[in-house]
Amino acid sequence: MTQGPLHDGLPRRTPGEAPALLARNFSKVFGTSKVLDAVDLAVMPGEIHGLLGSNGSGKSTLIKTIAGLHAPEKGAELILYGRDMPLPTPSGSARASGISFVHQHLALIPSLSVLENMMLNDLASSHNWAINWARMRRHTREVFDRFDLDLDLDRRVADLPQADRALLAITRAFDEVQTHATGGQGILILDEPTPFLPQAGVDKLFSLMRSVAADGAAVIFVAHDIDEIREITDRATILRDGKLAGSLVSKEADREDFISHIVGEKVSLFQTSHDAPEGGKRAAAIRGLDCGSVSQVSFDITEGEIVGLTGLIGSGFDVVPEALFGAQKAERGSLTLGDGRVLDLAAVRPENLLAQGVAFLPSDRLGRAGIGSLPIYENMALPVLKRFRSPLGIDWPAVKSHCAELGQAFDLRPARVDLNLGALSGGNAQKALLAKWLQTRPKLLMLDEPTQGIDVGARQKIFKEVHKAARQGTAVIVASTDAEQLAQICHRILVFSKGCIVSELIGDQITKDSITQETLRASSLPRQKTLEVA
Amino acid sequence: MPHPTDTPALAPRRHLNWAQLGESYALVIVMIALFGVFSLLLPTTFFSWANVSTMLGSQAILVFLTLSLILTLTAGDFDLSVAATLTISAMTVAVLNAQLEVPLVLAISAALLVGAFIGLVNGFFILYFRIPSLIVTLGTGTFINGIVLWMSGSTTIGGIDFTLIKFVVGTRFLGIPLLFYYALIMCLIVWYVFGFTTLGRRLLFVGRGREVALLSGINVEKVRLGALILSSMMAALAGVFYAGTLGAADPNSGNSFLLPAFAAAFLGATAITPGRFNPIGSFVAVYFLVIGITGLTMLGIQSYVQNLFYGGALVLAVALSQLVRKREAQEL
């Protein structure tokens, strides 16, 4: 089942068909570390090819090297449709030779219309002076029709749901490769487009990918989610520590195969018992929270309990931690803490909550949780700096050694806290940011998508640490769309739909499948009164 | 990034990093080299104690103004009104003390209060209406210039109490006017606050990531307002000293400090702790600029060279700090 790198078991549709993309012997050295080591990648026309690996495995470096953002080391070859390409790829020539990229951030301009965004391709390459609006409109309609895409051309992208934005970006990329591709139908590289999408969006995205591939384009799909890879791809290439770990035929390999290729050994997945801790005191009571789309949400959480909040994107579950932390102004609602103190959520500010032992780790790691351009230790130490005040000011050596210890406890790699936070991979940055809050021993910790885009190994570490904190009495709220993660760590799950809590899962009811089913079932229900779980 | 599992955990990296050292002290070395070159070219005029002490003393005003700028720059705001604040502060001292015969101490206090008020007004428009600081301070700066022309009748006002001059440039210690030592002390104070207090850390986090700071429990608006007020007061203090170096205040010359102060702030951010606005770097940068200008002027080069030098230094400094950032991003 595992194929050697290029023992040419390529799935040809016709004998002698040339691969759409053939990258051979790609290596890349940054400073002293070899982040990419003689990696090969072959993708056939019409194939959807998965590219997997944990954070720091080199998959984004590989993509960037193919795109020409990095120059590969000597000895690399890039062959598109049987033609040798010059390396390093000159800037802009990847696009001209029919390779198009869709990054997680989609590169759409929110304040412009759908049509204007579709035209950005042409603006960059066309030499025409005047814009033929009618022709652009007709062309865009045709492309949309071809993929059954029903988007209003004049709508602002900012007003589109996230899923439609992803579809738009991918359609645009496909249109782009079609206009440029010579000798083939083009190559589309999708870099983790799914983490922000609800399940229905993912399904739409997959059917779009299938029709793009059926049109003859080669699609490279970079992702973390093994189930998604197994569902959508034909074959998958897996990287580990910069090396080729193997390539699998997706339909034949099972989950374990993938995991062992990614991690290198079998990982035991973290699993908590779903039985809630007994006899815990009430840590917090939320009453009558109204905030944006969320209305009349009330629930309790006890010390040491891990409560998951989930639902489809837009159902409001992710608004709850924001509102409870004062990061988003609530219209009304109250938060009663364990010591009986009542906070008015319409007036509260983050610093008031922190003073009461409430902490919040937002999902946007380098945008809202930490600062990439500052060292890890400064990021970590921010909430506890006062502890290190001496008569002469902040005792930096003590801060550094404290953070180094903390980093070690959280298995930070590389274990150098003087590096900038931005130099860490997503999983390690998250460990550092989790450590930042857990060292304050919060009474209530709120996490928003704590493992989004994080590899399977780092996830387990994060779960363990969260669980450890819970055992020591911290009440934890996890807002996430990741059913697997919720099933792994939560004692109780509250499912949201249209701004209300519509069901509660406890004990044995908590499985990945039941969470997914409940989420989908809830979303199809008409708007209803919120469930009283208080 | 592969996991370097083979490196021992937390191996302390004690060996000297020459590249980093070179980067931190490049500006210092260039400054010394520049001083050397001018000293060789002009052994009698430039390389004389009189000249050196004048450079150190009179240009210390620029140090204060640069420190004023890095307070707001660190907190993520641009304050273009500092030079106008300096001018109105000097003019306040002159009008109150020389024309209305208000005692010096009261005149100085009034000038500092004017500074605080300007910071408050800037803060109000920036924070309450959420207007970019660049625009607000461009406006308030111009507005203040108008007030200065009005209150001075567009003329230079002299006759300020000689005590002020005595305490600023009239007295020398080790042959250098006292003003230089004031600047040095202020640098050390700012250095301490930036590096060793939680207030300094709050400033830095607010400047680097407002959202991160907010979600870490920092009252972002309070910190920004504080930085704007302190910065304007620092500019006002520079204005008081400016009045003290001349014994008079004129309604225009203060504005010529704005560009060199920005150049020094950004140039300073490439030195000592590269990538961060820092007072020691600013101090070095100010004297780098002063040496350059003084030397060129003494060589008899036309006065337009001053603009070339300051403007060029600003753009080069920003380009350099951009390079530093890029290199940092590529590390690892």
Label-point separation in nm, B:LYS166 to B:THR273, each point 7 Å along Cα→Cβ: 4.0
Give me the inter-chain shielding for B:200-213: mean count of other chain Cβ atoms within 10 Å, whole number please. 5
Is there a quick way to get the dipole size of segment B:40-326? I mean about its Cα centre, with the Cβ of Lys and Arg at +1 and of Asp and Glu at -1; what is the value in debye to the nearest 20? 800
At 1.002 mPa s and 20 °C, plugging the Kirkwood radius over alpha-carbon pairs of segment B:40-326 into Stokes-Einstein gives what diffusion coefficient in µm²/s? 111
Report the antiparallel proportion of the DSSP beta bridges in the protein assembly as shown as a percent, rounded to a multiple of 5. 60
From phi via Karplus (6.51, -1.76, 1.60), per-residue ³J(HN,Hα) for segment A:364-374 in Hz, x at Gly/Pro: 7, 4, 8, x, 10, 9, x, 10, x, 8, 10
In percent, what relative contact order does chain B have, based on Cα pairs under 8 Å that are 6 or more apart in sequence? 30
What average number of partner chain Cβ atoms lie no more than 10 Å from the Cβ of the residues making up A:141-151? 0
Determine, for each peptide in A:138-149, B:135-146, A:411-422, the mean count of other beta carbons within 10 angstrom over its residues, then list the peptides with the highest first. A:411-422, B:135-146, A:138-149
Cα-based reach from A:LYS251 at 14 Å (exclusive), listing aspartates and glutamates while leaving out same-chain residues under 8 positions away: A:GLU47, A:ASP227, A:GLU228, A:GLU231, A:ASP234
Residues B:SER109 and B:LEU138, FRET efficiency given R0 of 25 Å [Cβ-Cβ distance, rounded to 0.05]: 0.35
Output wanted: per-residue J couplings in Hz (rounded whole) for segment A:446-458, from phi through Karplus 6.51 cos²θ - 1.76 cosθ + 1.60, θ = phi - 60°, x for Gly and Pro. 10, 10, 10, 6, x, 10, 4, x, 10, 6, 5, x, 4
By how many nm would the segment from A:LYS329 to A:LEU153 grow when fully extended, if each residue of separation counts as 0.36 nm and the alpha-carbon distance is taken off? 60.0 nm
Amide H of A:MET446: which non-local residues (sequence gap of 5 or more, or other chain) have their own amide H closer than 5 Å, using H built in the peptide plane? A:ALA359, A:PHE360, A:LEU361, A:ILE477
Least to most buried among A:LEU392, A:LEU335 (fewest other Cβ within 10 Å first): A:LEU392, A:LEU335
Rounded FRET efficiency, nearest 0.05, which uses the C-beta distance separating A:SER514 from A:GLN408 and R0 of 35 Å: 0.40
Mind listing the phi-derived Karplus ³J(HN,Hα) values for segment B:33-44, rounded to whole Hz, using 6.51, -1.76 and 1.60 with θ = phi - 60°, and x for any glycine or proline? 4, 4, 4, x, 4, 5, 5, 5, 6, 10, x, 9
Out of residues 5 or more away from A:LEU36 or on other chains, whose amide H comes under 5 Å of its own, with H placed 1.01 Å from N in the peptide plane? A:LYS28
Take the Cβ-Cβ distance between B:THR54 and B:ARG130 as r, set R0 to 45 Å, and report the resulting FRET efficiency rounded to the nearest 0.05. 0.50
Relative contact order (percent, whole number), chain A, Cα cutoff 8 Å, 6+ residue spacing: 15
With label points set 7 Å from each Cα along the Cα-to-Cβ direction at A:ILE131 and A:ASP418, the distance between them in nm comes to 5.2
Amide H to amide H under 5 Å from A:THR302: which residues, 5+ apart in sequence or cross-chain, H placed 1.01 Å off N in plane? A:ALA283
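Hey, which of these cross-link pairs are over 32 Å Cα-Cα: A:LYS64/A:LYS461; A:LYS28/A:LYS431; A:LYS468/B:LYS222?
A:LYS468/B:LYS222
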Could you give the semi-axes, largest first, of the ellipsoid that matches chain A, computed as the square roots of 5 times the alpha carbon gyration tensor eigenvalues and rounded to whole Å? 41, 28, 23
Here, B:LEU42 and A:ALA355, labelled 7 Å along Cα→Cβ, have an inter-label distance in nm of 5.8
Out of B:SER24, B:PHE46, B:ALA261 - ranked by how far each Cα lies towards the positive end of the dipole of chain B, with unit charges on the beta-carbon of charged residues - the top one is B:SER24
If you stretched the chain out fully between B:ILE32 and B:ALA319, how much longer would it get, using 0.36 nm times the residue separation minus the C-alpha to C-alpha distance? 101.1 nm
Contour minus Cα-Cα span, A:LEU69 to A:ALA398, at 0.36 nm per residue, comes to 114.5 nm
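Bear in mind that the values in this text are calculations on the coordinates, not laboratory data. Because the structure is predicted, anything quoted here is derived from the model rather than measured. So basically every Cβ, Gly included, is an ideal-geometry build from the backbone, and we count neighbours across all protein chains shown.
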